[in-house]
Amino acid sequence: VAAPPPRLGIDDTYVAVKVLNHHATDDEFRRVANELRLLNSADSPHIAHLLDAGSQDGRLFMVMRYYAAGSLEEAAGRLDVGLVMQCVADAARGAHALHELGVAHRDIKPANVLIDDGRGVLADLGLAQMLGNAVTTVGFGPIGALEFMAPSLAWGEKASRGKIGRAHV
């Protein structure tokens with residue numbers, strides 16, 4: 001958590017900065033920047049949009065709003081069941097907005113659902129996975145936590161609406 005630089009043009013007192021533990025080449029940074037542009041084009045209040053991204057000494061960083069209430073994982077056991085259900089539904093709406101762009105989040109789990117004034121915000125779009133073996137969020141490659149992934153991805157299929165694994169619903 002840090003104070004936002006004036007160039008971001010936001011009034012927030014704090015922002016969250018995520019530094020990826022990977023030394024990135026210029027080509028990797030350009031690829032991640034293109035992915036971030038795509039992800040930020042999703043028009044949904046249920047996705048934590050990035051405010052800034054960059055590279056410093058070969059380390060990639062991303063800046064997003066700071067959500068003081070934390071995540072569903074951090075607040076486990078302290079929240080009203082109704083709020084938890086609202087946050088889960090909102091995260092699903094955020095995932096739907098990404099799917100409309102042809103993007104699979106790949107790591108939806110309680111730690112990646114942030115709480116913002118009674119609503120859920122889907123965060124951490126699996127960006128660290130973009131740097132391994134030419135993997136992108138819109139391509140093929142490693143996925144997030146198995147217990148939270150879409151069954152269709154386990155079968156090597158594209159994430160889509162209306163499919164659960166190999167069976168159509």
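The values are calculated or read from the model by the stated rules, or taken from the named source; none is laboratory data. The shown structure was predicted, so the numbers you read here are calculated from the model rather than taken from an experiment. Cβ: placed from backbone, ideal geometry, glycine included. Neighbour counts: every protein chain shown. With ligands, DNA and RNA removed, areas are computed over all heavy atoms of the protein, side chains included. Shrake-Rupley method; radii C 1.70, N 1.55, O 1.52, S 1.80 Å.
Worth pointing out:
- In this structure, the amide hydrogen of residue 52, modeled 1.01 Å from its nitrogen in the peptide plane, lies closer than 5 angstrom to those of 63, counting only residues at least 5 positions away or on a different chain.
- Segment 1-57, relative contact order [Cα under 8 Å, separation at least 6], %: 27 percent
- The distance between label points at residue 27 and residue 79 comes to 4.1 nm (points 7 Å beyond Cα on the Cα→Cβ vector).
- Segment 1-98, accessible area per residue, ligands and nucleic acids excluded (1.4 Å, Å²): 60 Å²
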